[in-house]
Amino acid sequence: MDMTFQHYLLGLFAVANNIPALPLFMNLCRGAQAPVQHRLCGVATASSLATMAISLFIGAAVLDFFGISIAAFRIAGGLLLVSSGLSMLKSSCDEADGLPPVSVSRMIPMAVVPIAIPLTTGAGTISTIVLFAESAHTMAGLLRIGGAICVMSVVNYLAFYYSPGIVRFLGRTGMDIFTKIFGLITLALGIQFIITGLTAAFPVLH
């Protein structure tokens, strides 16, 4: 039996929100001009939306084709987050001010990985959408899931769009402290992803 639109939206809100991605996104946008910030916002949101759409229609088939399990996806995402967290812990505003501006061509890939994937749309989101799609027995059910994905993408876009304002509010010192704190959280989140993936892959470890 298909669930209601509200059920799909609440389920996605729990796993596809971009709150974990905001600190890294804000750090990426620090010092960038407004047009560049808006472009990064669009790239991150579009990448997340595309990942959710692919998961809805061919997610299970893609994972099966490449022989990738959800556990393996979690571990890979965890390794990416560990690397990003360590970079945030090592960075500082003073060092950043002494470096030449990062080119847009180098910033855009970061907006895709790890900001869009796996921080905004990770293994939990993909598995949730795949399960939703398998439980939807009608086209109306798939359309409701698609609508929930679109609404969730708008919410994520607004969160990304207004996050650079927080950078300006915090200033240099505040942003440096913020980056260090959330670098530690990102590192811990990555380790948790790895632990969860290993536990799923090797139940004997549980």
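The values are calculated or read from the model by the stated rules, or taken from the named source; none is laboratory data. Not measured: the values here are computed from a predicted model. Note that each Cβ is placed from the backbone with ideal geometry, even for glycine, and that neighbours are counted across all protein chains shown. All accessible areas refer to the heavy atoms of the entire protein, side chains included, with ligands and DNA or RNA removed. Shrake-Rupley method; radii C 1.70, N 1.55, O 1.52, S 1.80 Å.
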Look at Pro100 and say whether it is modelled with pLDDT under 85 and either out of contact with any helix residue (DSSP H, G or I) (no Cβ under 6 Å at 6 or more places or on another chain) or open to solvent by 40 Å² or more (accessible area, probe 1.4 Å) (or both). yes
Filter the helices (runs of 4 or more DSSP H) completely within region 1-67 down to those with at least 2 residues that are modelled with pLDDT of 90 or more and surrounded by fewer than 23 Cβ atoms within 10 Å (Cβ to Cβ). 5-15, 34-66
Please work out which one of (1) open to solvent by less than 40 Å² (accessible area, probe 1.4 Å); (2) modelled with pLDDT of 85 or more; (3) over 20 Å from Pro114 (Cβ atoms) is the condition Ile194 fails and give its number. (3)
Examine region 1-8 for a residue that is within 15 Å of Ser105 (Cα to Cα), without any contact (Cβ under 8 Å) to a residue 60 or more places away in the chain and not polar (S, T, N, Q), and state whether such a residue exists. no
Here is a list: Ala61, Ala34. Which entry is over 22 Å from Arg106 (Cβ atoms) and small (Gly, Ala, Ser)? Ala61
Residues of region 168-191 satisfying the condition of being touching a helix residue (DSSP H, G or I) at 6+ places or on another chain (Cβ under 8 Å), of a type in the set (Phe, Trp, Tyr) and open to solvent by 60 Å² or more (accessible area, probe 1.4 Å): Phe182
Taking region 116-150, which residues are open to solvent by 60 Å² or more (accessible area, probe 1.4 Å), in contact (Cβ under 8 Å) with a residue 60 or more places away in the chain and more than 22 Å from Thr196 (Cβ to Cβ)? His137, Thr138, Arg144, Cys150
